[in-house]
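Chemist: Shown below is the structure under consideration.
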Amino acid sequence: MSINSFGHLFRVTTWGESHGPALGATVDGCPPGVPITEDMIQHWMDKRKPGQNKYTTQRREADEVRILSGVFEGMTTGTPIQLMIENTDQRSKDYGDIKDKFRPGHADITYFQKYGIRDYRGGGRSSARETASRVAAGGLAREAIRAIAPEVQITGYMVQMGPHKIDRAAFDWEQIDQNPFWVPDATAAGDWAEYLDGLRKSGSSVGAIIEVTARGVPAGLGAPVYGKLDTDLAAAMMSINAVKGVEIGEGMSAAMLTGELNADEISMGPDGPVYSSNHAGGILGGISTGQDIVVRFAVKPTSSILTTRKTITISGEDTEIITKGRHDPCVGIRAVPVGEAMMACVLLDHMLLHRGQVGKNQGHIG
């Protein structure tokens, strides 16, 4: 299997399977001299790890990350950094009954059609367990960003669960870390808890929309044709398991606006250009404007549910399947730190590209 890497200068290669002994990431291109410890990365791993509450899978993984190379005396050396996370709570027997059946909604069937072999134990390489590696790499990227551009803040949160949306008028950044859904609306958090509890007890699942905002990003990141910042952000978010749609700024809703409404008018402020709105999501022509970068992605419902579904076997026979095991009733909850990690990796990559090509911004206004 090829194409397990992403990024240009800050390049991440993930490895490992859901039920293998370990998984992790090899990170190349991290600048030297970045202060980093395992505890600094672990902070972000703990946001994603399973089994933290009744609304996520009850698989118990400590998700403890180990740094195997590329760091000396608490500093990155500029050489490849190997990050490893051991799997400690695999229950492969949960999948024994379905080893010859394809789970509807999963990658089982396409993986087998392409490669002629598949790891039926939780999906193997195609499992969302792979995202632990991304979060580890994202933790490293955050620390490198902190060293290069300490004003940058990356925050992810849920804005919709199933048909239920947050009240934008009640948006509160402080609420995000105060509930199990990473939702910036205290009322929505209470309503969603009751809604998801009912779905969880029935053995069903639901989708979600996650928004990731990067504040304090400098203008000038990205390139106007094939190196667009929004191109790489969209690809990064779309590569996350179960994601079926990505929007930047106004996104699909821009199609309903007139040119007058959609254009973000510009005026001169005391410290540079000021925009009247941010329909563009902080990116124009593939290059960051200096405004907040706003990305949303939609996650489909978890396909592993306790409802009997029709499928076929490897030999082509019609059959039925129930997917047992431990699964998230809303995978969108644990997708929040994954989206943050991908934002961090892409932004750091483009900061390094920008520094390598032009250094500081060449165009001065005012």
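The values are calculated or read from the model by the stated rules, or taken from the named source; none is laboratory data. What you see is a predicted model; the values in this text were computed from it and never measured. Every residue, glycine among them, receives a Cβ derived from its backbone with ideal geometry; neighbour counts consider all protein chains shown. Heads up: the accessible areas ignore ligands, DNA and RNA and are worked out on the full protein's heavy atoms, side chains in. Shrake-Rupley method; radii C 1.70, N 1.55, O 1.52, S 1.80 Å.
Chemist: Please specify each residue of the stretch 189-210 satisfying the condition of being open to solvent by less than 20 Å² (accessible area, probe 1.4 Å), of a type in the set (Gly, Ala, Ser) and more than 12 Å from Pro329 (Cα to Cα).
Modeler: Ala189
Chemist: Also: Hey, does the stretch 103-111 have a residue that's surrounded by 18 or more Cβ atoms within 10 Å (Cβ to Cβ), closer than 19 Å to Thr14 by Cα, modelled with pLDDT of 95 or more and over 19 Å from the mean Cα position of the chain (by Cα)?
Modeler: No.
Chemist: Looking for something in a strand (DSSP E or B) and open to solvent by 30 Å² or more (accessible area, probe 1.4 Å) - is there at least one such residue anywhere in the stretch 336-357?
Modeler: no
Chemist: Which of the residues spanning the stretch 156-188 are open to solvent by less than 20 Å² (accessible area, probe 1.4 Å), of a type outside the set (A, V, I, L, M) and part of a strand (DSSP E or B)?
Modeler: Residues satisfying the conditions are Gly156, Tyr157.
Chemist: Could you say whether any residue in the stretch 252-263 is in contact (Cβ under 8 Å) with a residue 24 or more places away in the chain, surrounded by 17 or more Cβ atoms within 10 Å (Cβ to Cβ) and either within 30 Å of Phe102 (Cα to Cα) or not hydroxyl-bearing (Ser, Thr, Tyr) (or both)?
Modeler: No; the residues of the stretch 252-263 include none that is in contact (Cβ under 8 Å) with a residue 24 or more places away in the chain, surrounded by 17 or more Cβ atoms within 10 Å (Cβ to Cβ) and either within 30 Å of Phe102 (Cα to Cα) or not hydroxyl-bearing (Ser, Thr, Tyr) (or both).
Chemist: Something else: Across the stretch 343-366, what is the total count of residues that are in contact with a strand residue (DSSP E or B) (Cβ under 8 Å, 6 or more places away or on another chain) and among the hydrophobic types (A, V, I, L, M, F, W, C)?
Modeler: Residues that pass the stated criteria total 5.
Chemist: OK, next. Applying the selection to the stretch 280-306, what residues are in a loop (DSSP other than H, G, I, E, B) and within 27 Å of Val331 (Cβ to Cβ)?
Modeler: Gly281, Gly282, Asp292, Lys300, Pro301, Thr302, Ser303, Ser304, Ile305, Leu306, listed by residue number.
Chemist: Would you confirm, using the coordinates I've provided, whether Gly139 is at negative phi and either assigned to a helix (DSSP H, G or I) or open to solvent by less than 40 Å² (accessible area, probe 1.4 Å) (or both)?
Modeler: Criteria met by Gly139.
Chemist: From the set of residues in the stretch 44-74 that are aliphatic (A, V, I, L, M) and surrounded by 14 or more Cβ atoms within 10 Å (Cβ to Cβ), which is modelled with the lowest pLDDT?
Modeler: Among them, the one singled out is Ala62.
Chemist: Could you tell me which of the residues Thr308, Thr313 is touching a residue at least 40 places away in the same chain (Cβ under 8 Å) and touching an Asp or Glu at 6+ places or on another chain (Cβ under 6 Å)?
Modeler: Sole residue among the options that is touching a residue at least 40 places away in the same chain (Cβ under 8 Å) and touching an Asp or Glu at 6+ places or on another chain (Cβ under 6 Å): Thr313.
Chemist: Taking the stretch 252-279 as the region of interest, how many residues are of a type outside the set (S, T, N, Q), out of contact with any strand residue (DSSP E or B) (no Cβ under 6 Å at 6 or more places or on another chain), in a loop (DSSP other than H, G, I, E, B) and within 23 Å of Gly220 (Cα to Cα)?
Modeler: 5
Chemist: Going by the structure shown, is Glu211 of a type in the set (D, E, K, R), out of contact with any Asp or Glu (no Cβ under 6 Å at 6 or more places or on another chain) and assigned to a loop (DSSP other than H, G, I, E, B)?
Modeler: Against the criterion (of a type in the set (D, E, K, R), out of contact with any Asp or Glu (no Cβ under 6 Å at 6 or more places or on another chain) and assigned to a loop (DSSP other than H, G, I, E, B)), Glu211 does not qualify.
Chemist: Here are some residues: Ala189, Ala147, Ala170. Which one is in contact with a Phe, Trp or Tyr (Cβ under 9 Å, 6 or more places away or on another chain) and small (Gly, Ala, Ser)?
Modeler: Ala189
Chemist: Among (1) in contact (Cβ under 8 Å) with a residue 60 or more places away in the chain; (2) in contact with an Asp or Glu (Cβ under 8 Å, 6 or more places away or on another chain); (3) surrounded by fewer than 19 Cβ atoms within 10 Å (Cβ to Cβ); (4) not acidic (Asp, Glu), where does Ile283 come up short?
Modeler: (3)
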